[in-house]
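Down below is the structure, laid out as structure tokens.
The values are calculated or read from the model by the stated rules, or taken from the named source; none is laboratory data. Please read these numbers as outputs of a predicted model, since none were measured by experiment. Please note: Cβ atoms are built from the backbone with ideal geometry, for glycine as well, and neighbour counts cover all protein chains shown.
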Amino acid sequence: MAQPLVKKDDDRDDEYEYSPFLGIEKGAVLQEARVFNDPQLDPRRCSQVITKLLYLLNQGETFTKIEATEVFFAVTKLFQSKDVGLRRMVYLIIKELSPSADEVIIVTSSLMKDMNSRTDMYRANAIRVLCRITDGTLLTQIERYLKQAIVDKNPVVASAALVSGIHLLQTNPEIVKRWSNEVQEAVQSRAALVQFHALGLLHQIRQNDRLAVSKLVTSLTRGTVRSPLAQCLLIRYTSQVIRESGMNNQTGERPFYDYLEGCLRHKAEMVIFEAARAITELSGVTSRELNPAITVLQLFLSSSKPVLRFAAVRTLNKVAMTHPTAVTNCNIDMESLISDQNRSIATLAITTLLKTGNESSVDRLMKQITNFMSDIADEFKIVVVEAIRSLCLKFPLKYRALMNFLSNILREEGGFDYKKAIVDSIVILIRDIPDAKESGLLHLCEFIEDCEFTYLSTQILHFLGNEGPKTSDPSKYIRYIYNRVILENATVRAAAVSTLAKFGAMVDSLKPRIFILLKRCLFDNDDEVRDRATLYLNTLGGDGSVVETDSEVKEFLFGSFDIPLANMETSLKNYEPSEEPFDIDSVPREVKSLPLAEKKAPGKKPTGLGAPPSAPTSAADAYEKLLLLIPEFASFGKLFKSSAPVELTEAETEYAVNVVKHIFDNYVVFQYNCTNTIPEQLLENVIVVVDASDAEDFSEIASKPLRSLPCDSPGQTFVAFEKPEGVPAVGKFSNVLRFIVKEVEPSTGEAEEDGVEDEYQLEDLEVVAADYMLKVGVSNFKNAWESMGPDCERVDEYGLGPRESLTEAVNAVISLLGMQPCEGTEVVASNSRSHTCLLSGVYIGNVKVLVRLSFGIDGQKEVAMKLAVRSEDESVSDALHEIVASG
Amino acid sequence: MLLAVLVANSEGNILVERFNGVPAEERLHWRSFLVKLGADNLKGVKNEELLVASHKSVYIVYTVLGDVSIFVVGKDEYDELALSEAIFVITSAVKDVCGKVPTERLFLDKYGKICLCLDEIVWKGLLENTDKDRIKRLVRLKPPTEF
């Protein structure tokens, strides 16, 4: 028995030692590549050398320009050989070497010869290589052959041409679009893969033509689709058509739903999933439509294949965000997945359960999660932490259990991102749930006693400085803060000094003791710490007695720093030490590149594991700062609300424009974010001409044109209107983009001197009642409602007419009022005949408003609604009723 | 888009690495991420049993085949199901070329053929051929049988 075993081991050793690429080295392989130049080619040897080159390239090795050129020229010699195997290798290595435009010319004639060869397979491969390496000019020469190839009898040739078309569409769309007749013919092909590739290309060619896509879908859903892959594409296109066409109003049925539902019984799992996903993503999907999809997904939850379990739980997880009740039936299957070997599946199951669970199941779930947390990686833990945060905001009364959970995991081992996610969650809970504040702050204090991350310690100290002084007993935090001064590195010590100063400024009774601590910091061995201590001792006012702190000092300590940091940095770098002190007023306040106007092409940039995104900046703050910098708008007062950007152009047009509506008490400012996507054009004096004849209450008072708009560098132009104070005036505005266009020389990038005036029609824009409402939630609606009292309450009933479902009616009223739904009441349980929805917000003039909506639906789908409004001002309560009555 | 196909040996050394539409500076991240994913999860997994993971909006399906582990990464339309289709084609093509479940040595011996197969299966991030018999003929420049 022993002998064969030993023998086997010997074999393995030999195998291990003798790798065909052992000790492979780039220089040597490049030397070997000289065999390509031999007059008597040895195909076998040449293939081996190409394999070695491929091995190097596949290992991530790169060739210098000269090396690549040399190899490429040598490879072109191999076209002389008639050896089929070698020719196939030559095609591959040319693609891998991706020669530069000036070198391509060497092989084009050989490849064009192959493209017209009688051997089908030469044709197919030559097409693939040519399309990979060619540029636009050559493409027009070979276009004729490509069109023929698309309808070639040989499916490999047709597929090669079609897939080439998909790639070329990105670079030369105008040429590929001319092939649509041939592609249309290929869609009817009997070869499964040809049909799949043709369908993909045809849809891309026609994606902006709704009618054509709709026709394509109509004919194919009735005809035969030969492969599961093509079937999946068709399902995607079908859901696009459904999205764009809406409901059939006469019968109340959704077009193509039957097709999707039929696909749920397809034999390929891929198709079943695609159909189930398409159904769950239908807008305003009813529970009757949703049920069959949920049923098949539920079956897959207990599949033996991890990929299918993952796909099912991932889809259900998404459904749970919008229709938590529809997924509750799957909860038992989902709970068994918590112990799934695959942690991606377990995490998705947990987060789904956190969304679908009700208040009573929170405690049981938390117990299960605690066991689970110890054996998953940080990235999954972060997902769980985020899910727990939203659960806590949904059930604020459960904050104690959830906060305890967060503080427990904060004490355990973990990396920076994980700890940061926990700290961020605790901070958010403290902000949104007043009852959680004191315990949350103490958890954070305990954490910084033993925190290895400087960034988190300073962030917590800063937060503590703002929130700690407002608690019932601020003195208990001082010990934790001063410990930092004793025990930590200089950065944390400096942050702790600032925090101490904030306590001193806000809590007069603590001032004398804070002074003693700050004075001790004067002996610190770090400059910054000493400087800060000196600065604060002086600003807080000398002797440390119990006196009230000046409002100016408070503004200095707590106010926001309104100078862009990049400008500050440049000014400081340019400042030369001299007698004259640095003047902070000399720093320019103009923001050069705005975070809000970032180029928006999220789909194009490949997503990788790159650096984590920078911390989100608050859009509202950034807008306010931006508007303050424009002198014309500086006197408009406090900005009440900025809307989300509204697109005024279709996607992929030459000029992309969206608008943000900024609402002030007396004024409205439209900020038009413009992007020029044409490299050959420079736009100047860009302005939007607004016609406000359908908005009687508004009169235009100022506009700020954009001086220059080069390609792909977004800019803003503004138009301001005056309106009656405090009145929620509404109206419709039509917009035309007007500018001077100058041609740009592509090689130099310089614009011509003379330009031509031109216009571009934009979509209309409306100011609606919801623009005057801020979405501000309350953590405990019942308390807030009762403390508001019935004095300014207004109640009335409304008939909303026939509606597709209760959900649709609830969503319509929420978006009409523009208020924040509270306690998850925006979600309507499936099949329910009545629903209560709680909303909260702040109306223009800073008036808090609470709304209680009670809906009922009858057999004929007639919806009735009772609207109860409570606010601090009865005129506001009336105004809300008016909005609903006129909406 | 099918962002990457990667084949590694049992020690985590890369044998084949093909990226599509992934910036050069991100490739090293991907390589180490995938190798670690394999090291953490592939131990004791049966040949061709598919494992799945997701990172942000990117999906990864991976498996083990003899001495080598195979990873495919995709996003958008190339979700876990499309990727499992792609990896199925890749594993069958590799087995076909090697004649059996490959050892590392066998894989390297057939390296050129395997590269040709991958070239037929994935073309610049799009799935092109899905049938192993057809691929077997295509890499020898033979037309498919149904033609």
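Things to note:
- Looking only at region B:112-124, and only at residues there that are within 19 Å of A:His197 (Cα to Cα), facing chain A (nearest Cβ under 7 Å) and not acidic (Asp, Glu), the one that is surrounded by the fewest Cβ atoms within 10 Å (Cβ to Cβ): B:Lys124
- Members of region A:438-455 found to be farther than 17 Å from A:Arg484 by Cβ and buried (at least 19 other Cβ atoms within 10 Å of the Cβ), listed by number: A:Gly440
- Within region B:1-42, the set of residues being part of a strand (DSSP E or B), in contact (Cβ under 8 Å) with a residue 60 or more places away in the chain and more than 8 Å from chain A (Cβ to nearest Cβ) comprises B:Leu2, B:Ala4, B:Val5, B:Leu6, B:Val7, B:Ala8, B:Asn9.
- Restricting attention to region A:186-217, the residues being in contact (Cβ under 8 Å) with a residue 24 or more places away in the chain, assigned to a helix (DSSP H, G or I) and among the charged types (D, E, K, R) number 2.
- A:Arg88, sole failed condition from (1) surrounded by fewer than 19 Cβ atoms within 10 Å (Cβ to Cβ); (2) basic (Lys, Arg); (3) within 13 Å of chain B (Cβ to nearest Cβ): (1)
- When B:Val61, B:Val45, B:Val94, B:Val68 are screened for being within 11 Å of chain A (Cβ to nearest Cβ) and buried (at least 22 other Cβ atoms within 10 Å of the Cβ), only B:Val61 passes.
- Selection from region A:482-537 of residues that are farther than 17 Å from A:Gln459 by Cβ and either hydroxyl-bearing (Ser, Thr, Tyr) or free of Cβ contacts under 8 Å to residues at least 12 places away in the same chain (or both): A:Tyr482, A:Ile486, A:Leu487, A:Ser509, A:Phe523, A:Asn525, A:Asp527, A:Arg530, A:Asp531, A:Thr534, A:Leu535, A:Tyr536
- Some residue of region A:106-114 being part of a helix (DSSP H, G or I), surrounded by 23 or more Cβ atoms within 10 Å (Cβ to Cβ) and at the interface with chain B (Cβ under 9 Å from one of its Cβ atoms): no
- Within the set A:Ser304, A:Ser344, the sole residue that is without any contact (Cβ under 8 Å) to a residue 12 or more places away in the chain and farther than 25 Å from A:Ser283 by Cβ turns out to be A:Ser304.
- Qualifying position, being polar (S, T, N, Q), free of Cβ contacts under 8 Å to residues at least 40 places away in the same chain, surrounded by 17 or more Cβ atoms within 10 Å (Cβ to Cβ) and away from chain B (no Cβ under 11 Å), among A:Thr69, A:Thr64: A:Thr69
- Taken over region A:350-376, the residue count meeting the criterion of being surrounded by 15 or more Cβ atoms within 10 Å (Cβ to Cβ), more than 20 Å from A:Thr825 (Cβ to Cβ) and at pLDDT below 80 is 2.
- Applying the condition of being touching a Lys or Arg at 6+ places or on another chain (Cβ under 9 Å) and surrounded by fewer than 21 Cβ atoms within 10 Å (Cβ to Cβ) to region A:488-506 and asking which residue is nearest to A:Thr454 (Cα to Cα) yields A:Ser498.
- Qualifying residue in region A:146-157 (condition: among the charged types (D, E, K, R), assigned to a loop (DSSP other than H, G, I, E, B) and within 14 Å of chain B (Cβ to nearest Cβ)): yes
- Matching entry among A:Val659, A:Val730 (being touching a helix residue (DSSP H, G or I) at 6+ places or on another chain (Cβ under 9 Å), β-branched (Val, Ile, Thr), under 26 Å from A:Gly887 (Cα atoms) and buried (at least 16 other Cβ atoms within 10 Å of the Cβ)): A:Val730
- Residue in region B:125-142 that is under 21 Å from B:Val22 (Cβ atoms), part of a loop (DSSP other than H, G, I, E, B) and either within 7 Å of another protein chain (Cβ to nearest Cβ) or of a type in the set (A, V, I, L, M, F, W, C) (or both) present: yes
Residue-by-condition table, conditions (1) modelled with pLDDT of 90 or more; (2) of a type in the set (A, V, I, L, M):
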site: A:Met270; (1), (2): yes, yes
site: A:Ala311; (1), (2): yes, yes
site: A:Asn329; (1), (2): no, no
site: A:Ser336; (1), (2): no, no
site: A:Ala346; (1), (2): no, yes
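Per-residue answers, yes or no, for (1) of a type in the set (S, T, N, Q); (2) closer than 13 Å to B:Leu3 by Cα:
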| site | (1), (2) |
| --- | --- |
| B:Val22 | no, yes |
| B:Arg31 | no, yes |
| B:Leu37 | no, no |
| B:Thr63 | yes, no |
| B:Ala86 | no, yes |
| B:Thr103 | yes, no |
| B:Asp109 | no, no |
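- Region A:95-105: number of residues that are part of a helix (DSSP H, G or I) and more than 11 Å from chain B (Cβ to nearest Cβ): 6
- Leading residue by the ranking (nearest to the other protein chains (Cβ to nearest Cβ)) among those in region A:319-334 that are touching a residue at least 40 places away in the same chain (Cβ under 8 Å) and either assigned to a helix (DSSP H, G or I) or basic (Lys, Arg) (or both): A:Thr322
- Number of residues in region A:816-839 that are touching a helix residue (DSSP H, G or I) at 6+ places or on another chain (Cβ under 7 Å) and either more than 20 Å from A:Leu393 (Cα to Cα) or buried (at least 22 other Cβ atoms within 10 Å of the Cβ) (or both) equals 11.
- Any chance B:Val101 is surrounded by fewer than 23 Cβ atoms within 10 Å (Cβ to Cβ), more than 9 Å from every other protein chain (Cβ to nearest Cβ) and aliphatic (A, V, I, L, M): yes
- Test for A:Lys355: is it under 21 Å from A:Asn329 (Cα atoms), charged (D, E, K, R) and within 29 Å of the chain's Cα centre (by Cα): yes
- Residue within region A:335-344 that is within 14 Å of chain B (Cβ to nearest Cβ) and buried (at least 21 other Cβ atoms within 10 Å of the Cβ) present: yes
- Close Cβ contacts (under 9 Å, 6 or more residues apart or on different chains) running from residues in region A:40-52 that are within 9 Å of chain B (Cβ to nearest Cβ) and in a helix (DSSP H, G or I) to residues that are surrounded by fewer than 23 Cβ atoms within 10 Å (Cβ to Cβ) and acidic (Asp, Glu) comprise A:Ser47/A:Asp83; A:Gln48/A:Glu32; A:Lys52/A:Glu32.
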